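Here's the structure, in structure tokens; my notes come after.
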């Protein structure tokens, strides 16, 4: 595939995502109903009593930079100060709940994954668009912009990160502990993307487009899988326990106790 074709699919479209929005740029009733059902299910799943100020969708799918690989980001807006617990504990509880929920249930609208997140009312969201499902209106409507992108730089930035991911994957395949390398690569990707999102180009920055290219080509999934395999390797019984036990001097009473077990 030519470089221009690769990047072209990441550039802003002429319309909002027709799978979500109607010709009036309103969320389709059937989509709104589906997202409301998922939201209700999440509240039941967490079994937490928390005051919901709003339910919104944000991210690429509320702007013109969407593509078929963009997640539908479904955010609960909650005032953490009113939950009745220290803010750090509230964040930990919500993060654990939504991470487990998103992994356990694979909700989709067409080919697009639906991801749940709990957002503190004080958080600043950089999304170009923000649509309230409770109020059924735009809180921040995206603007169409003419975008000029250096396609060479997008591909170059993505290729550099892809090389790092492939190196980590090779380490894990070889049975090496790549925990430190994986953490560094994930931090690098996050840092690069944030540089782009915080720039004047925002979602259309070279850095964010490079991130989208990695996601579209399956490199982010590859990194996640490498992290899982690396953890499995490190926690295997053979590697984690046998060498360690063999180096521990056992007392006579311990030896007799172990014999009694077998």
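The values are calculated or read from the model by the stated rules, or taken from the named source; none is laboratory data. What you see is a predicted model, and the numbers here were worked out from it, not measured in a lab. So basically every Cβ, Gly included, is an ideal-geometry build from the backbone, and we count neighbours across all protein chains shown.
Taking each residue of segment 166-193 that is surrounded by fewer than 13 Cβ atoms within 10 Å (Cβ to Cβ) and looking for partners that are assigned to a helix (DSSP H, G or I) with beta-carbon atoms closer than 6 Å, six or more apart or interchain, yields nothing. Selection over segment 21-57 of residues that are farther than 21 Å from residue 80 by Cβ and assigned to a loop (DSSP other than H, G, I, E, B) gives a count of 6. Taking residue 119, is it in contact with a strand residue (DSSP E or B) (Cβ under 7 Å, 6 or more places away or on another chain), in contact (Cβ under 8 Å) with a residue 40 or more places away in the chain, within 19 Å of residue 66 (Cβ to Cβ) and in the same structural domain as residue 58 (by TED's automatic domain parsing)? In short, no.
For segment 58-106, the tally of residues that are in contact with a helix residue (DSSP H, G or I) (Cβ under 7 Å, 6 or more places away or on another chain), buried (at least 17 other Cβ atoms within 10 Å of the Cβ) and assigned to a helix (DSSP H, G or I) stands at 5.
Please verify whether residue 82 is without any contact (Cβ under 8 Å) to a residue 40 or more places away in the chain and within 16 Å of residue 122 (Cα to Cα), treating the condition exactly as stated. So residue 82 passes the test.
Yes/no per residue for (1) more than 20 Å from residue 71 (Cα to Cα); (2) modelled with pLDDT of 95 or more; (3) not assigned by TED's automatic domain parsing to the domain that holds residue 103:
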position	(1), (2), (3)
165	yes, yes, yes
169	yes, yes, yes
201	yes, no, yes
210	no, no, yes
227	yes, no, yes
230	yes, no, yes
235	yes, no, yes
239	yes, no, yes
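Can we say residue 9 is surrounded by fewer than 17 Cβ atoms within 10 Å (Cβ to Cβ), outside the structural domain of residue 214 (by TED's automatic domain parsing), farther than 17 Å from residue 115 by Cα and under 21 Å from the mean Cα position of the chain (by Cα)?
yes
When residues in segment 123-140 are screened for being farther than 22 Å from residue 39 by Cβ and either in the same structural domain as residue 192 (by TED's automatic domain parsing) or at pLDDT 90 or above (or both), 0 of them pass.
Of the residues making up segment 12-27, those that are surrounded by 15 or more Cβ atoms within 10 Å (Cβ to Cβ) and modelled with pLDDT of 90 or more number 7. One residue alone among 219, 214, 223 is touching a helix residue (DSSP H, G or I) at 6+ places or on another chain (Cβ under 6 Å) and within 19 Å of residue 12 (Cα to Cα), and that residue is 214.
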